[in-house]
Number of protein chains: 2
Amino acid sequence: MASKREMALTYARDNRGRLIHDLFEFIRIPSVSADPDWNTLENAASWILQRLKAAGIQKTQIFQTDGPPIVYGEYQPVQSPICTVLLYGHYDVQPIDPLVEWVSPPFEPHIKGEELFGRGASDMKGQIIASIGAVEAILSQSNLPIAFKFLFEGEEEIGSPNLPRFLQEQRNLLGCDFALVPDTGMIAKDTPTITYGLRGLCCFELRVFGPKSDLHSGQYGGVVHNPAQALCELIAGMHDSEGRITLPGFYDRVLPISEDERKIWSELPQDDNGYKAQTGVKQLWGERGFSAAERVRVRPTLEVNGLLSGYTGNGMKTVIPACAMAKISMRLVPDQDPEDIKRQLIAYLEQQAPETIRWELEQMAGHPPSVVERWSPVIQSLAQALETVWYTAPVFEREGSSIPIVGMIKKYLGIESVMTGFSLPEDNIHAPNEKIHLPTWGRGIDALVHFFYNLVEKAV
Amino acid sequence: MASKREMALTYARDNRGRLIHDLFEFIRIPSVSADPDWNTLENAASWILQRLKAAGIQKTQIFQTDGPPIVYGEYQPVQSPICTVLLYGHYDVQPIDPLVEWVSPPFEPHIKGEELFGRGASDMKGQIIASIGAVEAILSQSNLPIAFKFLFEGEEEIGSPNLPRFLQEQRNLLGCDFALVPDTGMIAKDTPTITYGLRGLCCFELRVFGPKSDLHSGQYGGVVHNPAQALCELIAGMHDSEGRITLPGFYDRVLPISEDERKIWSELPQDDNGYKAQTGVKQLWGERGFSAAERVRVRPTLEVNGLLSGYTGNGMKTVIPACAMAKISMRLVPDQDPEDIKRQLIAYLEQQAPETIRWELEQMAGHPPSVVERWSPVIQSLAQALETVWYTAPVFEREGSSIPIVGMIKKYLGIESVMTGFSLPEDNIHAPNEKIHLPTWGRGIDALVHFFYNLVEKAV
C-alpha cells in the first residue's frame, strides 16, 4: 500500500492540470503594484483568498493596509503541530513595459512547448500556486502535524512599504517556527537551489533641473548647462574605470567574500559563457577583481533603471530640455545599510553637481541585505527533498535579488526564512515574455510535498 | 493727400484685426512636421494657398514632394518689375510636448494682454501672416513695380529634407533678385534686428544596446554593462571640463571671431543677466574663453535634446534596460560642414564606445551654417524701414538658430537671403506657451510695407 507521502505526491500530480488552470486565472488578473493602469490588486487578493479556502485552509482573512490588502490564511492540524510554517508570497507583479517586446499579451497566459508564458508566471504567481498546490496535497492526506500560516502581500515589487507595520502589529498572529519564501530561483535547470543570502535594495529618482522651460537650442545652445548632459555627467561619474562605485564611503561596510563561498561559486555550473548566453551580450562588464558569479551575489552594484528627458518621439526637436530624470537603484550586500547609501548618494551629488543646475532626489524604496542560517534541520529537510526529486544535492546560493520580507521577518518577528524556488535564469522575470518551465515547476511541487513530510520525519 | 505708402500703411493697420483672425485660424491647424499625431500639413498648405488667393496673388500652385506639399504663389505687377522678391515661409511648427506645461491648448490660440499665445504664433505662422499682410497692403495700392514670389514649405522644423530637390527642379520658376526670410527675431523689444548669419545644424539619434532584453537588476546587476549608463558615459565624454566639444577635429574648420563682430556683440543690449532672466538659470554655462553673446552666435555647440531608456513611469522597476537612446544635435558655425561632423561623431564613438555595448547612429538632418551680405542696397532698404518704424537703427545680428533654406537658396539658386523678423527672445519658440507680442508684430507689418516702398525708391 502506498504511503501517505506517496498518496500526497499522487494527489499533487493528478491535480497538475487544475493547478495550471489556476495559474492561468491568476495571471489574468493584472496586479502591477507600480502601475496604476494595471493594478487590480484587490481582485488578485480576493482571488487568492478564495484559492486558499478551496485548498482547505480553515481561517482566511483580508487585512487592509495603506497600500494593497494583505491576505492571511491559517490551517491548524487536528493533532498538536510539531511545527508552524509561515508561507510567504507576493501577488503583485512587475510592470509590463516595453509592451511591444511581448510576443503575446502579458496578462493572457499561454503554453508553448514546456513553457507557460505570462507576467508573474515565475515571479511569483507560479510559485504561489506551486506552494498552495503542495499544501493542498498534504492536507488531502489529513494527518501531518504541521500548522500552515499564509501571508500574501501586494507590493513586494515596490519594496513592501506597508509590510513592516503589519508585521509589527500582527506579530502574535504570525508566530511560527520559520518562514518559507518560495520567491527565489534555481541557478540552472536540473540544479536545485537553496538560497541563504539576498542583496538589499535602494531605489531613487534623481531629477536635474536647468532652464525654467524647454529652450530652443539655436537661441540658447552655448549659454545654459543642458540638464540632460549634466545628468549624464553625474551618472557617468558614479563608476570609475574599474567598474567601482564612487559614492563616498560606499564600500566601507561591505564584508569580504569568505573563502568557502568563493570556492563554492567557482564550482557552480555557471560561467561567463552562461551569463553571455542568458543576456545576449558579447562581453561581460563589472567591478574588476571579482568573477561574474561573485559580482552578482556579494558585490554591491548601482544601476540606471530609467532615463527620461526632452523630446523622445519620432524625428527631431532641437530643444534644450528644462529637466532630466534618472531612476537609479543600488543592490546592497552585508553589512551595507540603505540609510547610509542615501546619505552617500546625497554627498556625491553635493560634491559633484555643478552650480549650473539644480537637483532633487526622491527615495523610492530601501531595505537591507540579508543572510540566513545554512545548516539548520529545516534547511536539511529541504535539501533532502530537493535531492529526492532532482537526484542531485542542491547548491547553496546567495542571490543577487532582493526580497524585503526576509530581512523584515528577521527584524520584526525574530524568525529565519528558508528560501527556495523553481524559476530558471532564462525565465525573463522582470522582463518581457516572462515564463515558467512547467516540468521544473511540477518537480518543485513534488519537492515541497517531500519537504513537509521530511520536516515531520526529522522531528520524530 | 496721403502718399501711396501712407495709404498702404493705413490699409495694413485697418486690417490688423482681420490678420489676427487669420493667425487664429492658421494656428488652429496642427502642423507638427515631426509628429504624425499632429501633422495635418495638407490642411495647413491648403489654408495658406487660399490665403494667398485672398491677398490677390494671381498665380498659386501646390507642389507635391516626398514630404509635405510646397505652396507656391506669384504676383506680377502691371508695369515691368524692377525687382523680384522670393518670400519664404514654413507652415510647419515644432512639437508641442511637454503638453502639461502649456497654460492653454497649443492649437487653441488666445490673446492675453499684448500677447497672442499658440504653437507657431512666433515661429513662424505669425511672421507668415505679417508678410502676407504687408504684401496685401502693397497690392491694395496696385502701383508698385515689384514682383512677388512665395515659397512655403512644411518641413523646416525637421530640416527641410525635400527642399533641395524642389529648388533644383524649379530653379527657373523661383528666379528672383533676393529671398526675404522673415523667420528670425529681434534681440530685444525695441531693437529691430537684421540677421546676416545663422548656425548650421546636425541632428542624430544615438542608440546604445546592451542585453538582448531588459534584465532583472538583482539577477544581472554587476554582470553586464548597463546601456543607460554606457550612454551617459559616452555623452559625458563629449564635452571636456572647459565646455569644449571633444569630437576629434570638431573645431578644425571653425573660423575665428572678427574684431568688429566681437565689438558689436559686446555692445548689444544683451548681457549675462539678460540670459539668466530669459532662461531662469542661476548660473550660465558654456565654452570657456567666449562671452555668452559670442557662444550663442559663432561658437558651435552640442546638445542632448532627448534621453529615453528603461522604466520611466511611476514608482520603480529594477531593470537593466536592453537599450538607451539619446537625441543629439550640434549647432555649426562657418566653415563647419555637417558631413564632417557626422564623421567626427562616428570617430568619437568608434574610439570611446566600449566593447561591452553596441551602438547605432542615425542622422536625422544636417545643413551648413551661412553668412550673407551685410552691405547691399536691399539690406539698406530694410535697415531704413526698420529705423522708420522703431526710431532706431537696427542691429546686425548673427543668430544661433538654423534656417536650412538660406544655405540652400545660395547653393541651388545662387541667391542671397535677407533675414529679419519680429519674434522676441521671450516668445518661447520651440517651447511651451509660444507667443507673439502683438504691438511688435504690428510694427513689423509696417516695416515690411516701408521696406518694399524703399526698394522701389532706392532703385529709382
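Could we say that B:L349 is touching a residue at least 40 places away in the same chain (Cβ under 8 Å), buried (at least 20 other Cβ atoms within 10 Å of the Cβ), out of contact with any Lys or Arg (no Cβ under 9 Å at 6 or more places or on another chain) and more than 12 Å from chain A (Cβ to nearest Cβ) here? Full working, then the answer.
Working: touching a residue at least 40 places away in the same chain (Cβ under 8 Å): yes; buried (at least 20 other Cβ atoms within 10 Å of the Cβ): no; out of contact with any Lys or Arg (no Cβ under 9 Å at 6 or more places or on another chain): yes; more than 12 Å from chain A (Cβ to nearest Cβ): yes.
Spelling it out, it is not the case that B:L349 is touching a residue at least 40 places away in the same chain (Cβ under 8 Å), buried (at least 20 other Cβ atoms within 10 Å of the Cβ), out of contact with any Lys or Arg (no Cβ under 9 Å at 6 or more places or on another chain) and more than 12 Å from chain A (Cβ to nearest Cβ).
Of all residues in segment B:275-301 being in contact (Cβ under 8 Å) with a residue 60 or more places away in the chain and part of a helix (DSSP H, G or I), which is farthest from B:A188 (Cα to Cα)?
B:V298
Check B:Q270 against each of (1) in a loop (DSSP other than H, G, I, E, B); (2) touching a Lys or Arg at 6+ places or on another chain (Cβ under 9 Å) and name the one condition it does not meet.
Checking B:Q270 against (1) in a loop (DSSP other than H, G, I, E, B); (2) touching a Lys or Arg at 6+ places or on another chain (Cβ under 9 Å), the one that fails is (2).
Looking for whichever is surrounded by fewer than 24 Cβ atoms within 10 Å (Cβ to Cβ) and of a type in the set (K, R) here; the options are B:R358, B:R331. Which one fits?
Details: B:R331 fails: surrounded by fewer than 24 Cβ atoms within 10 Å (Cβ to Cβ).
After applying the criteria, what remains is B:R358.
With respect to B:A383, determine if the residue is modelled with pLDDT under 95 and out of contact with any His (no Cβ under 8 Å at 6 or more places or on another chain). Give the steps one after another, and end with the answer.
On the way: modelled with pLDDT under 95: no; out of contact with any His (no Cβ under 8 Å at 6 or more places or on another chain): yes.
Considered against the rule, which asks whether it is modelled with pLDDT under 95 and out of contact with any His (no Cβ under 8 Å at 6 or more places or on another chain), B:A383 comes out as no.
Can you find even one residue in segment B:244-265 that is within 10 Å of chain A (Cβ to nearest Cβ) and assigned to a loop (DSSP other than H, G, I, E, B)?
Filtering segment B:244-265 for residues within 10 Å of chain A (Cβ to nearest Cβ) gives none.
No: zero hits.
Could you list all residues from segment A:312-327 that are within 20 Å of B:D123 (Cα to Cα) and touching a residue at least 60 places away in the same chain (Cβ under 8 Å)?
A:T318, A:V319, A:I320, A:P321, A:A322
Among residues belonging to segment B:1-21 that are assigned to a helix (DSSP H, G or I) and free of Cβ contacts under 8 Å to residues at least 60 places away in the same chain, point out the one that is nearest to B:V456 (Cα to Cα).
Initially, segment B:1-21 is screened for residues assigned to a helix (DSSP H, G or I), giving B:4-14, B:16-21.
Filter once more, keeping what is free of Cβ contacts under 8 Å to residues at least 60 places away in the same chain: B:6, B:10, B:14, B:17-18, B:21.
Working: B:E6: 15, B:T10: 19, B:D14: 24, B:G17: 28, B:R18: 27, B:H21: 31 Å.
Per the stated criteria, the residue is B:E6.
Any chance segment A:197-215 includes a residue that's in contact with a Lys or Arg (Cβ under 9 Å, 6 or more places away or on another chain) and among the acidic types (D, E)?
Yes, some residue in segment A:197-215 is in contact with a Lys or Arg (Cβ under 9 Å, 6 or more places away or on another chain) and among the acidic types (D, E).
Please find, within segment A:223-243, the residue that is nearest to the chain's Cα centre (by Cα) out of those that are part of a helix (DSSP H, G or I) and within 7 Å of another protein chain (Cβ to nearest Cβ).
Within segment A:223-243, the first condition is being part of a helix (DSSP H, G or I), and the residues that meet it are A:227-236.
Narrowing the set further to residues that are within 7 Å of another protein chain (Cβ to nearest Cβ) leaves A:228-229, A:232-233, A:235-236.
Working: A:A228: 31, A:Q229: 33, A:C232: 29, A:E233: 31, A:I235: 25, A:A236: 27 Å.
My answer is A:I235.
Considering segment B:394-410 alone, what residues qualify as being farther than 13 Å from B:T195 by Cα and touching a residue at least 60 places away in the same chain (Cβ under 8 Å)? If you could, list the steps in order and put the result at the bottom.
Filtering segment B:394-410 for residues farther than 13 Å from B:T195 by Cα gives B:404-405, B:407-410.
Within segment B:394-410, B:P404, B:I405, B:G407, B:M408, B:I409 qualify.
Residues of segment B:51-69 being under 16 Å from B:Q170 (Cβ atoms) and β-branched (V, I, T), which ones?
Within segment B:51-69, B:T60, B:I62, B:T65 meet the criteria.
Consider A:A326 carefully, then state whether it is under 23 Å from the mean Cα position of the chain (by Cα) and outside the structural domain of A:C232 (by TED's automatic domain parsing). Talk me through it step by step, then tell me what you get.
On the way: under 23 Å from the mean Cα position of the chain (by Cα): yes; outside the structural domain of A:C232 (by TED's automatic domain parsing): no.
When the stated conditions are applied, A:A326 does not pass them.
Can you pull out the residues in segment A:384-406 that are in contact with a Pro (Cβ under 6 Å, 6 or more places away or on another chain) and buried (at least 21 other Cβ atoms within 10 Å of the Cβ)? First the steps, then the outcome.
Initially, segment A:384-406 is screened for residues in contact with a Pro (Cβ under 6 Å, 6 or more places away or on another chain), giving A:386, A:390, A:394.
Passing the criteria: A:L386, A:P394.
Rundown of residues vs (1) basic (K, R); (2) more than 30 Å from B:L332 (Cα to Cα), yes/no style:
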| position | (1), (2) |
| --- | --- |
| A:S241 | no, yes |
| A:I245 | no, yes |
| A:W265 | no, yes |
| A:L268 | no, yes |
| A:R288 | yes, yes |
| A:R299 | yes, yes |
| A:S309 | no, no |
| A:N314 | no, no |
| A:V319 | no, no |
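Could you figure out which of (1) under 30 Å from A:L215 (Cα atoms); (2) modelled with pLDDT under 95; (3) part of a loop (DSSP other than H, G, I, E, B) isn't true of A:E355?
Among (1) under 30 Å from A:L215 (Cα atoms); (2) modelled with pLDDT under 95; (3) part of a loop (DSSP other than H, G, I, E, B), A:E355 violates only (2).
Just to be sure before I move on: is A:P227 in the same structural domain as A:E397 (by TED's automatic domain parsing) and crowded, with 22+ Cβ neighbours inside 10 Å in the structure I sent?
Numbers: in the same structural domain as A:E397 (by TED's automatic domain parsing): no; crowded, with 22+ Cβ neighbours inside 10 Å: yes.
Here the answer is no, as A:P227 does not meet what is asked.
If the requirement is being within 30 Å of B:Y311 (Cβ to Cβ), more than 14 Å from chain B (Cβ to nearest Cβ) and crowded, with 17+ Cβ neighbours inside 10 Å, which of these qualifies: A:I409, A:I379, A:I445?
On the way: A:I379 fails: within 30 Å of B:Y311 (Cβ to Cβ); A:I445 fails: within 30 Å of B:Y311 (Cβ to Cβ).
From the options A:I409, A:I379, A:I445, the qualifying one is A:I409.
Out of everything in segment B:302-321 that is in contact with a Gly (Cβ under 6 Å, 6 or more places away or on another chain) and assigned to a loop (DSSP other than H, G, I, E, B), what residue ends up being farthest from the other protein chains (Cβ to nearest Cβ)?
Restricting to residues being in contact with a Gly (Cβ under 6 Å, 6 or more places away or on another chain) and assigned to a loop (DSSP other than H, G, I, E, B), the top hit is B:P321.
Can you find a residue that is in the same structural domain as A:S213 (by TED's automatic domain parsing) and either part of a strand (DSSP E or B) or under 22 Å from B:D97 (Cα atoms) (or both) anywhere in segment A:331-349?
Taking segment A:331-349 first, the residues in the same structural domain as A:S213 (by TED's automatic domain parsing) are A:331-349.
Remaining after also requiring either part of a strand (DSSP E or B) or under 22 Å from B:D97 (Cα atoms) (or both): A:331-332.
Yes, the conditions are met somewhere in segment A:331-349.
May I ask you to list pairs of residues, at least six apart or on different chains, whose Cβ atoms are under 9 Å apart, with the first in segment B:364-375 being within 14 Å of another protein chain (Cβ to nearest Cβ) and closer than 15 Å to B:I328 by Cα and the second being in a strand (DSSP E or B) and among the hydroxyl-bearing types (S, T, Y)?
Pairs found: B:M364/B:S329; B:A365/B:S329.
Of everything in segment B:268-293 that's among the aliphatic types (A, V, I, L, M) and crowded, with 16+ Cβ neighbours inside 10 Å, which residue is farthest from the other protein chains (Cβ to nearest Cβ)? Outline the logic, then answer.
We begin by selecting, within segment B:268-293, every residue among the aliphatic types (A, V, I, L, M); these are B:268, B:277, B:281, B:284, B:292-293.
Filter once more, so that each one left must be crowded, with 16+ Cβ neighbours inside 10 Å: B:268, B:281, B:284, B:292-293.
Values: B:L268: 14, B:V281: 5, B:L284: 6, B:A292: 5, B:A293: 9 Å.
Result: B:L268.
Before we move on, is B:G315 of a type in the set (G, A, S), in the same structural domain as B:A353 (by TED's automatic domain parsing), closer than 29 Å to A:G313 by Cα and surrounded by fewer than 24 Cβ atoms within 10 Å (Cβ to Cβ)? Before the answer, list the steps.
Working: of a type in the set (G, A, S): yes; in the same structural domain as B:A353 (by TED's automatic domain parsing): yes; closer than 29 Å to A:G313 by Cα: yes; surrounded by fewer than 24 Cβ atoms within 10 Å (Cβ to Cβ): yes.
For B:G315, the condition - of a type in the set (G, A, S), in the same structural domain as B:A353 (by TED's automatic domain parsing), closer than 29 Å to A:G313 by Cα and surrounded by fewer than 24 Cβ atoms within 10 Å (Cβ to Cβ) - is met.
In segment A:412-442, which residues are within 14 Å of chain B (Cβ to nearest Cβ) and either assigned to a strand (DSSP E or B) or within 26 Å of A:C176 (Cα to Cα) (or both)?
Kept after step one, since they are within 14 Å of chain B (Cβ to nearest Cβ), are these residues of segment A:412-442: A:419, A:421, A:423-435.
Scanning segment A:412-442 gives A:M419, A:G421, A:S423, A:K435.
Looking at (1) touching a helix residue (DSSP H, G or I) at 6+ places or on another chain (Cβ under 9 Å); (2) of a type in the set (A, V, I, L, M, F, W, C); (3) at pLDDT 95 or above, which is the one condition that is false for A:I429?
(3) is the only condition that A:I429 fails.
Does A:E136 meet the test of being among the charged types (D, E, K, R), in contact with a Pro (Cβ under 7 Å, 6 or more places away or on another chain) and more than 14 Å from chain B (Cβ to nearest Cβ)?
Working: among the charged types (D, E, K, R): yes; in contact with a Pro (Cβ under 7 Å, 6 or more places away or on another chain): no; more than 14 Å from chain B (Cβ to nearest Cβ): yes.
Criteria not met by A:E136.
With the checklist (1) modelled with pLDDT under 95; (2) closer than 21 Å to B:L116 by Cα in hand, flag the one item B:K4 doesn't pass.
(2)
Look at A:D335 and say whether it is over 30 Å from B:W285 (Cβ atoms), away from every other protein chain (no Cβ under 12 Å) and modelled with pLDDT of 95 or more.
no
Take the residues of segment A:397-425 that are of a type in the set (S, T, Y) and modelled with pLDDT under 90: which is nearest to A:E261 (Cα to Cα)?
Per the criteria, the residue is A:S401.
The values are calculated or read from the model by the stated rules, or taken from the named source; none is laboratory data. Just so it is clear, the structure is predicted and the values come from calculations on it, not from any experiment. As a convention, Cβ positions derive from the backbone with ideal geometry for all residues, glycine included, and neighbour counts pool all protein chains shown.
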